[in-house]
Structures are given as structure tokens and as C-alpha cells.
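Participant: Shown below is the structure under consideration.
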Amino acid sequence: QVQLVESGGALVQAGGSLRLSCAMSGRTFSSYVMGWFRQVPGKEREFVAAISRSGMTPNYADSVKGRFTISRSNVKNTVYLQMNSLKPEDTAVYYCAAGGVVATTAPEYEYWGQGTQVTVSS
């Protein structure tokens, strides 16, 4: 059974930085495309970034492009999301996900973590 465990969420001031991590167990990490999504109450889960199995093809939502960087370590079975120049509108629960294709929609991903809260104060 695949397990994804996120960490790194916190309260941070606007303009600050955070790095989220998501560790996978139970399957071969390098076999999966990895993605990050976020969700605020009352809204649909929103695509943030995705990365191919090799790590050579990152994809970002326009709202985070230039500020966030997705990366992965197939040795440590972990995907990361480095978030810089954070804004209050980045406040959300952030989820990592594993799937078969680099996609921007949640149904394309098969496995999900439990989420980690990121709060950006103004």
C-alpha cells in the first residue's frame, strides 16, 4: 500500500519561504509522477506543480511560476516543494500526490497524502 506523508507546513509571514517534503513508502517512488495540490475550505483542490519520474520536466500553475520549485530525490523517495516570496493567497492545505502522467487535474493522481497546512500572514 502506498503511503505519502507530507511535512514542512507552518505559519510564515508574507515574503517568506517554506520547503514542503513528501515521503513515499510502499511502492517504487521512481515509477510515479509526483504532484503538489492545494485546497482552501469551500474550493476545489488546485494544481500547484508536478514533476516527471526523472525530475527533468517540472510543470507549474501560473500563480506560482517563478516563486515555487518542485524537485525530487529518487534516492530518498521524497518530493519537495520550495516556496519563496509567499503571499497570503498561498494559504491552504498542501497535498502531495502520485500518479502515472504529468497532469494538472486531481483525478489523474492515484495516491494522496494527508496534507500539511501552510498559512501566510500579511
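The values are calculated or read from the model by the stated rules, or taken from the named source; none is laboratory data. The structure presented is a predicted model; accordingly, all values stated were derived computationally and were not measured. Reconstructed Cβ throughout: ideal geometry from the backbone, glycine too, with neighbour counts over all protein chains shown. Note: areas computed on protein heavy atoms with side chains; ligands, DNA, RNA excluded. Shrake-Rupley method; radii C 1.70, N 1.55, O 1.52, S 1.80 Å.
Participant: When ligands, DNA and RNA are left out and all protein chains stay put, how many square angstrom of accessible area per residue does the chain have with a 1.4 Å probe? Write out the running numbers ahead of the final one.
Facilitator: On the way: 6070 Å² over 122 residues.
Accessible area per residue: 50 Å².
Participant: Taking only the C-alpha atoms, wrap a convex hull around segment 1-64 and report its volume per residue in Å³ as a whole number.
Facilitator: Expressed per residue, the convex hull around the Cα atoms of segment 1-64 is 123 Å³.
Participant: Additional query: Quick one: among K76, K65, K43, which has the greatest mean-square fluctuation in a GNM of the chain with alpha-carbon springs under 10 angstrom?
Facilitator: K43
Participant: Please give the Cα centre distance for segment 13-58 versus segment 60-114, rounded to the nearest Å.
Facilitator: For segment 13-58 versus segment 60-114, the Cα centre distance is 2 Å.
Participant: Could you pull out the GluC sites (Glu not before Pro) across segment 52-114 that fall in loop regions by DSSP (anything but H, G, I, E, B) with no more than 10 other Cβ atoms inside 10 Å?
Facilitator: On the way: sites: E89, E108, E110; in loops: none.
When the GluC sites (Glu not before Pro) of segment 52-114 are filtered for loop state and at most 10 Cβ neighbours within 10 Å, nothing remains.
Participant: Which whole-percent values make up P(r) of the chain when all C-alpha to C-alpha distances are grouped in 10 Å steps starting at zero?
Facilitator: Going from the shortest bin to the longest, the percentages are 15, 51, 29, 5, 0.
Participant: Straight-line reach from K76: which lysines fall under 26 Å, measuring Cα to Cα and dropping same-chain residues less than 8 apart?
Facilitator: K65
Participant: Give me the percent of the accessible area of segment 18-122 that comes from carbon and sulfur atoms, probe 1.4 Å, all protein chains in place. Mind showing how you got there, number by number?
Facilitator: Numbers: 2460 of 5050 Å².
Of all accessible area on segment 18-122, carbon and sulfur atoms account for 49 percent.
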